[in-house]
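One structure is given below, encoded as structure tokens.
The values are calculated or read from the model by the stated rules, or taken from the named source; none is laboratory data. Computed from a predicted structure; not experimentally measured. So basically every Cβ, Gly included, is an ideal-geometry build from the backbone, and we count neighbours across all protein chains shown.
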Amino acid sequence: MIKRPLMMVERIMYVDPETPVNCIFTVKIDGTLPEQNFKTALEKIQQKHPMLRTVIDYKSEKYPFFVEEKDITPIPLRIVERKTDEDWLLESQKEWYRLFEGEKQPLARLVWIKGQHTSEILWVMPHCISDGTTGVTLMQELLSLVDDPSVKLESYEAFESVNDFLPSDFNAGIRKYKAGLYLLFAKVFFMMQRKSKKRNLGENYAIHWKMSPEITAETVAKCKAHGISVHALLCSTFMQAFQEIKRERAKGKVISPVDVRHFIPEIKQDHLFAFAPTIELTLKKGSKDLLDNAKEIKKDIVQKIGNMETRELLWMGERMHPIVDRMISMLKSTEGGHDVTFSNMGKINISNDYKNFRIETIFSPTVAFPWLNSNTLVTTTYNQQMDFAFMSNEHFLPKEEAKQIKDKALELLTTFL
């Protein structure tokens, strides 16, 4: 039975009981989907993943913790009549703000936008239990089971604490001293900060677009020819676009999450997990050469990922619980030093054709962060086509200005190609 405190990184994404931070992962399907198959699929998925049988108890102890609920209710399925091709985005925006509440309600739900021949399926999960890979895993399993309810899923044991990921030779003694110093410095830092009343008061939004398969292929080929990654090129492109549109207000920096499973193989590809270590990438000052900047960014990515001590980061984070509330407060009230948080999920490995339906497309996940700087860019690639979701808040980055940044980025990329 699971009963463990939320890790520091999970607490940040949980925020508090009144603040939803939900990830929405969507696919578009052509074909017929039997409703009964959904119920069978959701039951099997809930039995496989321990976190889908937990609730968050924020009342019993000082810090919130996950507790497995014996009589957890089934993962709910909400069915909506499909009217337009934009319904998926409208329903996503509704789900951003719906809390996961109720004593026995699971930390996931499904929305089926049901049409006569075309449907969209939306997985909705709180960010404190899920990352991008989690969304892909749950969608893979759901589609397989809706197509064939006899498919078997293999369950697994949930981890009990970050200590489960530490190597046998991990020297906690030396690191405890370092963690104590970091905590002391952090407390002093927060004490010196003026409390800001700034908050995001406008509406959250998402701008969605796709590249054509031809432009996607050309972008990948051009990157290979120049020895750079697509991620480095996109970082360079969007930072340059921010600079050209926002001028002196641009920061010249992006924050990029990295899949934790690259560093901790005990966390399997099909296991639910929320923590994604991040790296900061900056634009070379004074340079407007997209390719040169991309080459420097790629070097920076390789170096920072190579130097990342992910297990220690997780362990160290557990010593920072006393200041998590101050960290959340700062995220809600300060602009930060970056232009955008950019997550490139790469190629989505979900089958295209099933016995009873086919996947027309996959939309990049959306989320509405409550931070003052809620600028978030997510990209995925499916069926040789790159897909983008650019999210922010009208108060911090007006939607019209975000569209200008998007258009400028596409212009810069087109010129490069």
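Before moving on, here are some points about what is shown:
- Residues (in a loop (DSSP other than H, G, I, E, B) and in contact with a Leu (Cβ under 8 Å, 6 or more places away or on another chain)) located in the stretch 212-242: I228
- For L183: the one exception among (1) modelled with pLDDT under 95; (2) out of contact with any helix residue (DSSP H, G or I) (no Cβ under 7 Å at 6 or more places or on another chain); (3) among the hydrophobic types (A, V, I, L, M, F, W, C): (2)
- Residues located in the stretch 111-131, provided they are under 26 Å from E10 (Cβ atoms) and touching a Ser or Thr at 6+ places or on another chain (Cβ under 6 Å): L122
- Scan the stretch 361-406 for residues that are hydroxyl-bearing (S, T, Y) and within 12 Å of the chain's Cα centre (by Cα) and the total you get is 5.
- Helices (runs of 4 or more DSSP H) contained entirely in the stretch 243-349, each with at least 1 residues that are under 30 Å from L201 (Cβ atoms) and at pLDDT below 95: 324-333
- Restricting E10, E18 to those that are buried (at least 17 other Cβ atoms within 10 Å of the Cβ), touching a residue at least 60 places away in the same chain (Cβ under 8 Å) and more than 23 Å from D71 (Cβ to Cβ) reduces the list to E10.
- Residue that is surrounded by the most Cβ atoms within 10 Å (Cβ to Cβ) [pool: residues in the stretch 47-104 that are closer than 19 Å to I362 by Cα and among the hydroxyl-bearing types (S, T, Y)]: S92
- Residue match in the stretch 87-102 (condition: free of Cβ contacts under 8 Å to residues at least 24 places away in the same chain, farther than 23 Å from L6 by Cβ and hydrophobic (A, V, I, L, M, F, W, C)): yes
- Across the stretch 267-290, the number of residues qualifying as charged (D, E, K, R), out of contact with any helix residue (DSSP H, G or I) (no Cβ under 6 Å at 6 or more places or on another chain) and over 24 Å from L417 (Cα atoms) comes to 2.
- Members of the stretch 237-249 that are crowded, with 18+ Cβ neighbours inside 10 Å and either of a type outside the set (S, T, N, Q) or in contact with an Asp or Glu (Cβ under 6 Å, 6 or more places away or on another chain) (or both): F238, M239, A241, F242, I245
- Residue check, A241 more than 29 Å from M13 (Cα to Cα) and out of contact with any Phe, Trp or Tyr (no Cβ under 8 Å at 6 or more places or on another chain): no
- The one condition from (1) at pLDDT below 95; (2) farther than 30 Å from I323 by Cβ that F25 does not meet is (1).
- Scan of the stretch 360-375 for residues that are touching a residue at least 40 places away in the same chain (Cβ under 8 Å) and in contact with a strand residue (DSSP E or B) (Cβ under 6 Å, 6 or more places away or on another chain), ordered by number: E360, T361, I362, F363, S364, P365, T366, V367, A368, P370, S374
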